[in-house]
Structures are given as C-alpha cells and as structure tokens.
Amino acid sequence: MNLYKFEIGVNGFLLKVHFCATEQSGVNYTKAYIYKFQKEVANLELEVNIYKREVQKQRQYNRKPYLFTKKMNEKAILSK
C-alpha cells in the first residue's frame with residue numbers, strides 16, 4: 001500500500017512523482033534520482049515535497065487524499 005507520495009520538482013516544475021510504502025525507502029529513491037539528475041541533466045537545486053496518506057474515519061470519496069508533511073531541498077552539487 002502506498003502511504004507516502006514524493007513530488008520532485010525544480011524551479012516550480014514537477015519532474016517526478018513517486019509513491020512508496022515507507023518514508024525511508026522514498027527518501028532513498030529520491031536522493032538517488034536527484035543525484036542522477038544533477039549529474040546527467042542539470043546541476044540545479046531540487047525540492048522534494050513529502051505527503052502522507054490521510055486516515056479517514058468515514059468514506060467520503062473513492063481515494064484517500066494525501067496530506068503535506070514536510071519539504072526537503074537538495075542543493076546543487078559543488079563542482080571542483
């Protein structure tokens with residue numbers, strides 16, 4: 001079951017959305033994706049928005065919405 005949703009974006013544009021069961025596995029995946037993006041595409045600062053699935057007491061809609069929990073910023077890689 002996908003409890004977490006990770007949105008990876010740069011300069012206000014959404015690059016990728018990743019769903020996962022645990023927060024740690026999502027953080028590991030996004031860090032690997034960000035490192036690869038910064039190495040191969042562009043060395044820019046990326047931001048990651050982390051959402052957690054809402055626990056509902058009543059069934060109001062078909063899908064459970066995700067609630068924003070925190071935001072991470074990954075700085076650009078320093079070149080030598």
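Each residue in segment 11-24 was checked for being outside any strand (DSSP E or B), touching a strand residue (DSSP E or B) at 6+ places or on another chain (Cβ under 9 Å) and either modelled with pLDDT of 95 or more or within 14 Å of Met72 (Cβ to Cβ) (or both), and 1 of them qualify.
Ile8: within 20 Å of Ala76 (Cα to Cα) and in contact with a His (Cβ under 8 Å, 6 or more places away or on another chain), yes or no? Here the answer is yes, as Ile8 does meet what is asked.
Just need a number here: residues in segment 3-17 that are more than 15 Å from Thr69 (Cα to Cα) and touching a residue at least 12 places away in the same chain (Cβ under 8 Å).
Here the count works out to 6.
Mind listing just one residue for me: the one in segment 25-53 that is part of a loop (DSSP other than H, G, I, E, B) and open to solvent by 60 Å² or more (accessible area, probe 1.4 Å) and, of those, nearest to Asn73 (Cα to Cα)? Selected residue: Glu45.
The set of residues in segment 1-10 that are in a strand (DSSP E or B) and of a type in the set (A, V, I, L, M, F, W, C) comprises Phe6, Ile8, Val10.
The values are calculated or read from the model by the stated rules, or taken from the named source; none is laboratory data. Keep in mind the model is a prediction, meaning the values are calculated, not measured. Don't worry about glycine lacking a Cβ; one is built from the backbone with ideal geometry, like all the others, and counts go over all protein chains shown. The accessibility values were calculated without ligands, DNA or RNA, using every heavy atom of the protein model including side chains. Shrake-Rupley method; radii C 1.70, N 1.55, O 1.52, S 1.80 Å.
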